[in-house]
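Asks: Input: one structure, supplied below.
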Amino acid sequence: MRINPKFCKGVVIAHGKSEFLLAEHIKSNLHLPIEIYANKNGSTSIQIDGLMNILGNNVFKNKNSFNNKYEVEKENGILKNFSLMPIMDLDDTSDEKIQKYISKEMFKNHWLNPYIIPIWNEKNLDEVLFGLKLIDRIPNKKEKGKVYRELFPTNKGESDKQQVENLMKMFEKSNKTNMEVFIKKCLDSL
């Protein structure tokens with residue numbers, strides 16, 4: 001009897017610490033085979049302006065380097081059941097670059113373009129969470145790790161799909177993010 005490998009269903013490129021912890025929370029609650037790519041676990045941010053440098057690095061630049069890092073299901077050389085989802089804040093770049101990011105024009109010449117789903121937070125995730133009343137104030141840089149670990153704890157027990165569905169419903173109430181797209185994609189990957 002042959003055991004099928006657990007294929008990677010997606011890669012999240014996390015802008016910073018809060019996005020990293022949110023993605024970890026969803027991954028752990030769903031026991032989902034996704035990977036999270038971040039600079040120093042989100043301690044150093046990845047900006048929209050630097051995203052193409054990340055996609056040109058020795059992990060994402062071509063199919064061979066990508067296949068060396070991630071085991072993804074393929075059919076006739078095409079990635080199957082896979083998404084690359086950068087989660088970016090929109091407060092640190094020009095309006096033109098924001099449009100190119102959201103419309104995917106930024107990625108048009110990259111081999112991963114068909115799999116990229118841009119996730120965004122108008123201004124930043126802190127502002128979105130504050131607007132949804134999930135936090136009572138914007139944490140400073142020093143407090144972020146503690147605040148977001150409490151808000152988005154890593155689940156080391158049984159999966160908790162309901163908690164993730166509830167979080168998706170919260171994000172659906174905001175027009176300052178499309179985070180619900182990321183969460184729905186994760187739920188659909190189960």
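Asks: Kindly state which helices (runs of 4 or more DSSP H) lie completely within the range 120-190 and contain at least 3 residues that are surrounded by fewer than 16 Cβ atoms within 10 Å (Cβ to Cβ) and basic (Lys, Arg).
Replies: The helices (runs of 4 or more DSSP H) meeting that bar are 141-151.
Asks: If the Cβ limit is 7 Å and pairs must be 6+ apart or interchain, which residue in the range 169-182 that is of a type in the set (Phe, Trp, Tyr) pairs with which residue that is in a helix (DSSP H, G or I)?
Replies: Filtered contacts from the range 169-182: Phe171/Met179; Phe171/Glu180; Phe171/Ile183.
Asks: Filter the range 155-190 down to residues that are among the basic types (Lys, Arg) and within 15 Å of Ala23 (Cα to Cα) and give me whichever is farthest from the chain's Cα centre (by Cα).
Replies: Once the filter is applied, the top-ranked residue is Lys156.
Asks: Inside the range 152-168, can you point out the residues that are in contact (Cβ under 8 Å) with a residue 60 or more places away in the chain and not basic (Lys, Arg)?
Replies: Scanning the range 152-168 gives Phe152, Pro153, Thr154, Asn155, Ser159, Asp160, Gln163, Val164, Leu167.
Asks: OK, next. Inspect all residues belonging to the range 41-58 and state whether any of them is in contact with a strand residue (DSSP E or B) (Cβ under 6 Å, 6 or more places away or on another chain) and over 22 Å from Lys104 (Cβ atoms).
Replies: yes
Asks: Looking only at the range 59-76, which residues are farther than 11 Å from Trp111 by Cβ and assigned to a loop (DSSP other than H, G, I, E, B)?
Replies: Val59, Tyr70, Glu71, Val72, Glu73, Asn76
Asks: Would you check if Lys27 is basic (Lys, Arg) and out of contact with any Pro (no Cβ under 6 Å at 6 or more places or on another chain)?
Replies: The answer is yes for Lys27.
Asks: Out of everything in the range 66-110 that is small (Gly, Ala, Ser) and at pLDDT 95 or above, what residue ends up being surrounded by the most Cβ atoms within 10 Å (Cβ to Cβ)?
Replies: Step by step, filter the range 66-110, then rank; the result is Ser83.
Asks: Can you tell me how many residues in the range 57-85 are in contact (Cβ under 8 Å) with a residue 24 or more places away in the chain and over 20 Å from Leu190 (Cα atoms)?
Replies: Residues that pass the stated criteria total 4.
Asks: What's the number of the only condition in (1) in contact with a Phe, Trp or Tyr (Cβ under 9 Å, 6 or more places away or on another chain); (2) free of Cβ contacts under 8 Å to residues at least 24 places away in the same chain; (3) under 27 Å from Thr154 (Cβ atoms) that Val11 fails to meet?
Replies: The single condition Val11 does not satisfy is (2).
Asks: Exactly one of (1) more than 23 Å from Asp126 (Cβ to Cβ); (2) of a type outside the set (Lys, Arg); (3) at pLDDT 95 or above is unmet by Asn4. Its number?
Replies: Here Asn4 clears every test but (3).
Rundown of residues vs (1) of a type in the set (Phe, Trp, Tyr); (2) touching a strand residue (DSSP E or B) at 6+ places or on another chain (Cβ under 9 Å), yes/no style:
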| residue | (1), (2) |
| --- | --- |
| Ile102 | no, yes |
| Glu105 | no, no |
| Trp111 | yes, no |
| Pro114 | no, yes |
| Pro118 | no, yes |
| Lys123 | no, yes |
| Asn140 | no, no |
| Phe152 | yes, no |
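Asks: Those residues that are under 18 Å from Asp91 (Cα atoms) and part of a helix (DSSP H, G or I), I need them from the range 11-53; list them, please.
Replies: Once the filter is applied, which keeps residues that are under 18 Å from Asp91 (Cα atoms) and part of a helix (DSSP H, G or I), the range 11-53 yields Lys17, Ser18, Glu19, Phe20, Gly42, Ile48, Asp49, Gly50, Leu51, Met52.
Every residue, every condition in (1) of a type in the set (A, V, I, L, M); (2) touching a helix residue (DSSP H, G or I) at 6+ places or on another chain (Cβ under 9 Å), yes or no:
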{"residue": "Gln99", "(1), (2)": "no, yes"}
{"residue": "Ile102", "(1), (2)": "yes, no"}
{"residue": "Phe107", "(1), (2)": "no, yes"}
{"residue": "Tyr115", "(1), (2)": "no, no"}
{"residue": "Asn124", "(1), (2)": "no, yes"}
{"residue": "Asn140", "(1), (2)": "no, no"}
{"residue": "Tyr148", "(1), (2)": "no, yes"}
{"residue": "Thr154", "(1), (2)": "no, yes"}
{"residue": "Phe171", "(1), (2)": "no, yes"}
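The values are calculated or read from the model by the stated rules, or taken from the named source; none is laboratory data. For clarity, every value in this text was computed on a predicted model and none was experimentally measured. Every residue, glycine among them, receives a Cβ derived from its backbone with ideal geometry; neighbour counts consider all protein chains shown.
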